[in-house]
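Accompanying notes for the structure given below.
Only the coordinates and a few stated rules stand behind these numbers; no lab work does. Because the structure is a prediction, the values reported are computed rather than measured. No Cβ is skipped: glycine too gets one built from the backbone with ideal geometry, and neighbour counts run over all protein chains shown.
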Amino acid sequence: MKTIYILWLRQLKRYFRSKSRIIGSLGQPLLFLLAMGFGFGPVFKRAGQGNYMEFLAPGIIGMSIIFTSIFSGMEIIWDRQFGFLKETLVAPVSRMNIMIGRTLGGATVATLQGIIVLLIALAPGFRPANWALVPVAIIAMAITALLFTALGTAIASLLSDMQGFQLIMNFLVMPLFFLSGALFPLQGVPGAIAAIARFNPLSYGVDALRGLLTNSSHYGLLPDFGVLVAVTLLFLFAGSYFFSRVEA
């Protein structure tokens, strides 16, 4: 437990010490909220879909979480290149504890990012339909963050260079985001996109946030949380397995 706590705390210290990282990671969500929220808002309203800002905000929160959490896996490669990972792996502690500590730290940082984006979304006019459900929404953020941090850890454990990780992430993260229903409703989309979205774990994270914050869920909150928990456990197992085979 001590190892898990130390590694979790180390991830948080890294985050709070890098002010440029905090500001930089908020630039893209803010751009999406303002440019798309106000740009497509009138079109969305004329189509009879209501307030686009209310629809968009949960999707942008999900975007912030997936980008922050899955890219936290890059730190494994970074630590391997600069020797910190070797010092950690040769310590007389379980690799499982090391992986859990790193994953929990990355998930906590991603959840904080999601909360910050939620607060930022209040400025252009977004309001949760029921403030009492906001703590439950934060739980959904945490589960989604844990899921994608574990996925990032699993992928980074198989790679040895930063360029390869970035290439794979670009082919993985962007499709996951754009085909999750974060930017457009999933009702009435072509069957192929609907099928892809159904197998996309981010779809359920975004849908859970949208259901809790705006009372508008496509799949239903129970299926959303069920899929999120099941896939999180699967990715945690995969991340633990691949990390246990890492050679510093």
In nanometres, the difference between 0.36 nm per residue of separation and the alpha-carbon distance of M174 and L30 is 50.1 nm
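I need the trypsin sites (Lys or Arg not before Pro) found in region 176-248, filtered to DSSP loop residues with at most 11 other beta carbons within 10 Å of theirs.
For trypsin sites (Lys or Arg not before Pro) across region 176-248 that sit outside H, G, I, E and B with at most 11 neighbouring Cβ atoms in 10 Å, the list reads R245.
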Using a 7 Å offset from the Cα along the Cα-to-Cβ direction at both F38 and I196, what is the distance between the two label points in nm, to one decimal?
3.1 nm
Using θ = phi - 60° and the Karplus relation 6.51 cos²θ - 1.76 cosθ + 1.60, list the HN-Hα couplings for region 116-126 in order, rounded to whole Hz, with x at every Gly or Pro.
4, 5, 4, 5, 5, 5, 5, 5, x, x, 6
Taking region 164-222, which chymotrypsin sites (Phe, Trp or Tyr not before Pro) meet the DSSP loop condition and have no more than 12 other C-beta atoms within 10 Å?
F199
List, in order, the whole-Hz ³J(HN,Hα) value for each residue of region 55-61 obtained from phi through the Karplus relation with A = 6.51, B = -1.76, C = 1.60 and θ = phi - 60°; use x for Gly and Pro.
6, 6, 3, x, x, 6, 4
